[in-house]
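Worksheet: one structure, shown below.
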Amino acid sequence: MADNGAKSGAWNGDAVPAIEFGPWKLPIPGGLPPLANKVDYEALRQKRMAEVDEETRLINLPFAEQPREAPPPPMHVLAPELEARNVEVPGPAGPMQMRLYLPKNRKEKVGLYFHTHGGGWCMFDGLENCDTENSMYAKDFGCAVAQVDFRVSWKAKFPAAVEDCFAAYKWVVEHADELGVDPTRIGIGGGCTGANLATVVSLMARDAGVQKPAVQWLWTPVFDARNNTQSYEEFANYSLTQAQAEVVTRLYLRSKEDTFDWRASPILAETFEGMPPAVIWVGEWEVLREEARAFAARAKEAGVDVHYIEGEQQPHAGIYAINPKTGRPSKYSAKTVPEIHGLIRRYIGPRD
C-alpha cells in the first residue's frame, strides 16, 4: 500500500489542502463547474411553444410576459344570490377577521368550503380580494364559503399563516350549527400556497383529534418548499417561474431549515394515513408537477381517497386559466372546471 504522504500523480500531498478519512488522505478540490443538464430545457420549451395553439402558448408564458390585451376579471364581485358578512374569530396572535358567504335562499343546513387562499403566502391581504372567487365556489359547490384574513408573510413569518388557518378552521367546525352549516360537509382547499395551507390544516386536524375536512381541493399545489425537484429545472421559465417560486418561499420561511418542517413541506409528514379525501389538480407544464405526483402517490399508498388530475400542456393555475387576449376562461378550463366542481359537490354540496 502506498504511503499516505506519497508525492505522486497530479498533486502534491503535502502542498494541496487535504482531508483525512481514517488512513486515507484526499485532496480537497477547488470549485466544481455546475452540473450540466442532459436536456436543453430552453430549447425544449421553444419547441413545445412552436407546436401548440396560441392560447396554450400565451398561458404558458412567464406571468410577467403575458400580454394584457383584455382586463383581468374583477376580484370584488359578490354574486347576487349570496350574502356576505364578516365575523371576528380568535387567533393565536389575537382576533382575526373572517368573511362568510352564505346562500340567501337556504332552507336547511348547507355544506361549507373553507378557502385558504393562494398568492405565494404574501398576496391578497384583507378580505376584499376574493369575493369573485369565493362566489364561484359557493355557486358551483352549492355551499357556504369561509375565508380568514390570515397573516401574510410580510406581516408574520412561518408558521403564522398555518396557525391562523388552523385556528379559524377549528372555529368554523365548533360553530357550524349556529352558522347553519352541516358539520359533516365542511371541506377545505386553495390554490398553490393555499393548497399548501389546506393540506397542513388537514394534517393538524387529524393529529389534534379535530374533525377532519370532508374533502380537500388542492389545485396547482405546493407540497414541498425545498423547491428542488426535476420539474423546477424543466419548467423554470413557464408561467410561475423558478425564480418567482424561490422569492415567495424565502419571504415566507425564516430559514432554509424551515423547508424541512412538514408544516411548510407537507410531503415530509411522517404519515398520510387518516387524511381526508383529496382532489388534486396540477399542470403538466409547471414547476410544482413532480411534488404533486409524489404527494398523490404517497397519499394513495397510505389509503387516502385521491382523485389526481394532471392538465395536459397546462401551466401553473391552468385549471382556472384566463386567456390574456380575450379575458375569458381557457378552453381547457371551461371544459374541466365543471367536471371537478361536480366531483367536489359530492362531498360538500347539497345532499341528494
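Structure notes:
- Residue pairs whose Cβ atoms lie under 6 Å apart, separated by 6 or more positions or on different chains, with the first residue in the stretch 124-140 and within 15 Å of LYS104 (Cα to Cα) and the second open to solvent by 50 Å² or more (accessible area, probe 1.4 Å), are SER135/LEU78.
- Odd one out for SER333, checked against (1) in a helix (DSSP H, G or I); (2) open to solvent by less than 20 Å² (accessible area, probe 1.4 Å); (3) touching a residue at least 60 places away in the same chain (Cβ under 8 Å); (4) within 23 Å of ASN134 (Cβ to Cβ): (3)
- The set of residues from the stretch 101-115 being open to solvent by less than 10 Å² (accessible area, probe 1.4 Å) and farther than 25 Å from PRO221 by Cβ comprises just one member, LEU102.
- Among (1) open to solvent by 20 Å² or more (accessible area, probe 1.4 Å); (2) outside any loop (DSSP other than H, G, I, E, B); (3) under 21 Å from PRO90 (Cβ atoms); (4) of a type outside the set (A, V, I, L, M) - the single one CYS165 does not satisfy: (1)
- Taken over the stretch 173-196, the residue count meeting the criterion of being buried (at least 24 other Cβ atoms within 10 Å of the Cβ), in contact with a strand residue (DSSP E or B) (Cβ under 9 Å, 6 or more places away or on another chain) and in a helix (DSSP H, G or I) is 3.
- Any hit, the stretch 246-259, residues being on the phi > 0 side of the Ramachandran plot and either assigned to a strand (DSSP E or B) or touching a residue at least 40 places away in the same chain (Cβ under 8 Å) (or both): no
- Matching residues in the stretch 25-53 - criterion: being free of Cβ contacts under 8 Å to residues at least 24 places away in the same chain and charged (D, E, K, R): LYS25, LYS38, ASP40, LYS47, GLU51, ASP53
- Meets criteria (surrounded by fewer than 21 Cβ atoms within 10 Å (Cβ to Cβ), hydroxyl-bearing (Ser, Thr, Tyr), at pLDDT 95 or above and within 19 Å of ILE344 (Cβ to Cβ)) for THR199: no
- Count of the stretch 260-300 residues, restricted to those that are part of a helix (DSSP H, G or I) and either under 15 Å from VAL201 (Cβ atoms) or touching a residue at least 12 places away in the same chain (Cβ under 8 Å) (or both), is 14.
The values are calculated or read from the model by the stated rules, or taken from the named source; none is laboratory data. These figures come from a predicted structure and were not determined experimentally. We place every Cβ from the backbone using ideal geometry, glycine too, and count neighbours over all the protein chains shown. Only protein heavy atoms, including side chains, enter the accessible area calculation; ligands, DNA and RNA are left aside. Shrake-Rupley method; radii C 1.70, N 1.55, O 1.52, S 1.80 Å.
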